[in-house]
Amino acid sequence: MSAVVKDDPRGLQPARRFAAIGTRAANRRFLLAGLLLGACFAAIGAQTASGTESLLNKKAPEITRTDLNGRPLDLASFRGKVVLLDFWATWCASCLVEMPRFVQWQRQYGPQGFEVIGISMDDDPALARKLSAKLRLNYPVAMGDDKLGELYGGVLGLPLTYLIDRNGVVRAQFQGDANLKTIEMQLKALLVQP
Amino acid sequence: MRFSLVRGMGMIALLAMLVVAHKTIHAQFSGGAPSPDSAFSIPAASLLQPEELNRLLHTQGANKPLVLQVGSHMLFAQAHIAGSEYVGPGSQTEGLRQLHNRVAPLPRKTFIVLYCGCCPWSRCPNVGPAFKLLRDLGFTHVMTLDLADNLGTDWVDKGYPVERGR
């Protein structure tokens, strides 16, 4: 996971800004931030999804569906925004812990160009619809299927969360009981990137 | 003097944190019997490790188990253990009914392996009820596949045999 940032030319821009300031304090702060970010990415790497080839640093596979409210949902239409793509199901206890936080993030970071998209992997759409209403999800949710799961490398365990940057490139993936602080830290870092 | 005071306060804070952590861990792992629906309700002796199931799948005859998936059908359609059958989520009445129907005609000594792999073991809602049903029905040779994280990490990634489709 750390290679994701290392290979990303945009990830170096903050470094240039700090260098321009040219103070030792700034350099120390940058070093500290780098170490924190490195630790963060190492943690993310440990929780990387499994099953098939990683999608990291690749264009997120297209999703064209109708959401639970009958509106069209096209992942491409969210280019320019940081997208948190959440594969979940009503029987997934960890998902139920995460989703209220995603609702909060949608409210908090939405104005900065952030969007949560939920993909329910339930077999029965009625269950997903009922839970979405109960949790008052403030973001679009569509039903997934095995084909979509395969496009995303095999959704063979939930929850599975992807962070997609403003250019539609997958920058992080988290599976299982992920650390929500780590996800939030990473999405905030993506929000300040062009 | 000030340094000693700070160090002393730090030690007290550390001790307090240790006490809280101990209480939390104790409550989580020693706080009475696990719920009958929990995967933790399955005794350790009835857990089967993935490498052991993989070995059994390559054997012939009586040692080859009947392998049943008791989780989501959508996950099953993406990937399931080669030769396994889908019966339905153990957390739902319908899933348990299908499991009951599937095993009803079988001899009670049939070697059955249950698995789900939908989510981390501690969160799996399906294997506990499915295991309990089979034991209640009198099956004496039931094991549950010990998938710590999920099917992808603990089976597919290890290169064990997988099939796709419904």
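The values are calculated or read from the model by the stated rules, or taken from the named source; none is laboratory data. Worth saying up front: this structure is predicted, and the values here are computed from it rather than measured. Here the Cβ positions follow ideal geometry from the backbone for every residue, glycine too, while neighbour counts run over all protein chains shown.
Restricting the search to the range B:52-89, which residues are touching a Lys or Arg at 6+ places or on another chain (Cβ under 8 Å) and hydrophobic (A, V, I, L, M, F, W, C)?
Residues satisfying the conditions are B:Leu56, B:Leu57, B:Leu68, B:Phe76, B:Ala77, B:Ala79, B:Val87.
Which condition number does B:Asp154 fail, the rest of (1) farther than 14 Å from A:Gly157 by Cβ; (2) within 16 Å of the chain's Cα centre (by Cα) being met?
With respect to (1) farther than 14 Å from A:Gly157 by Cβ; (2) within 16 Å of the chain's Cα centre (by Cα), B:Asp154 is out only on (1).
Taking the residues in the range B:92-133 that are in contact with a strand residue (DSSP E or B) (Cβ under 8 Å, 6 or more places away or on another chain) and part of a helix (DSSP H, G or I) as candidates, determine which candidate is surrounded by the fewest Cβ atoms within 10 Å (Cβ to Cβ). Lay out the reasoning, then the answer.
Taking the range B:92-133 first, the residues in contact with a strand residue (DSSP E or B) (Cβ under 8 Å, 6 or more places away or on another chain) are B:99, B:102-103, B:106, B:110-117, B:127, B:130-131.
So of that shortlist, the ones also part of a helix (DSSP H, G or I) come out as B:99, B:102-103, B:127, B:130-131.
Details: B:Leu99: 23, B:Arg102: 16, B:Val103: 20, B:Val127: 28, B:Ala130: 28, B:Phe131: 24.
Among them, the one singled out is B:Arg102.
A:Asp146 - would you say it is surrounded by 17 or more Cβ atoms within 10 Å (Cβ to Cβ) and out of contact with any Cys (no Cβ under 8 Å at 6 or more places or on another chain)? Let's see the steps before the verdict.
Details: surrounded by 17 or more Cβ atoms within 10 Å (Cβ to Cβ): yes; out of contact with any Cys (no Cβ under 8 Å at 6 or more places or on another chain): yes.
Answer is yes for this residue.
Looking at (1) part of a helix (DSSP H, G or I); (2) closer than 15 Å to A:Phe174 by Cα, can you tell me which one A:Val116 breaks?
(1)
Only residues that are at the interface with chain A (Cβ under 10 Å from one of its Cβ atoms), among the aliphatic types (A, V, I, L, M) and in a loop (DSSP other than H, G, I, E, B): list them for the range B:49-88, please.
Here is the first cut: in the range B:49-88, the residues at the interface with chain A (Cβ under 10 Å from one of its Cβ atoms) are B:71-80, B:88.
Next cut, among the aliphatic types (A, V, I, L, M) only: B:74-75, B:77, B:79.
Correct list: B:Ala79 only.
Output the residues belonging to the range B:22-56 that are under 26 Å from B:Thr93 (Cα atoms), modelled with pLDDT of 85 or more and not β-branched (Val, Ile, Thr). First the steps, then the outcome.
In the first step, residues of the range B:22-56 are kept if they are under 26 Å from B:Thr93 (Cα atoms); the result is B:33-44, B:46-48.
If we keep only those that are modelled with pLDDT of 85 or more too, we end up with B:39-44, B:46-48.
B:Ala39, B:Phe40, B:Ser41, B:Pro43, B:Ala44, B:Ser46, B:Leu47, B:Leu48 - these are the residues of the range B:22-56 that are under 26 Å from B:Thr93 (Cα atoms), modelled with pLDDT of 85 or more and not β-branched (Val, Ile, Thr).
Consider the range B:39-48. How many of its residues are more than 14 Å from chain A (Cβ to nearest Cβ) and in a helix (DSSP H, G or I)? Lay out the reasoning, then the answer.
Here is the first cut: in the range B:39-48, the ones more than 14 Å from chain A (Cβ to nearest Cβ) are B:41-48.
From what's left, in a helix (DSSP H, G or I): B:41, B:44-46.
Residues meeting the conditions: 4.
Within the range A:66-84, is there a residue that is modelled with pLDDT under 95, more than 13 Å from the chain's Cα centre (by Cα) and either closer than 25 Å to B:Phe76 by Cβ or in a helix (DSSP H, G or I) (or both)?
no
So which pairs qualify, if the first residue must be in the range A:115-129 and in contact (Cβ under 8 Å) with a residue 60 or more places away in the chain, the second must be in a strand (DSSP E or B) and crowded, with 24+ Cβ neighbours inside 10 Å, the Cβ gap must be under 6 Å, and the two must be at least 6 apart or on different chains?
The qualifying pairs are A:Ala128/A:Ser120.
Within the range B:134-166, which residues are among the β-branched types (Val, Ile, Thr) and assigned to a strand (DSSP E or B)? Give the steps one after another, and end with the answer.
Of the residues in the range B:134-166, the ones among the β-branched types (Val, Ile, Thr) are B:140, B:142, B:144, B:153, B:156, B:162.
Answer for the range B:134-166, where residues must be among the β-branched types (Val, Ile, Thr) and assigned to a strand (DSSP E or B): B:Val142, B:Thr144, B:Val162.
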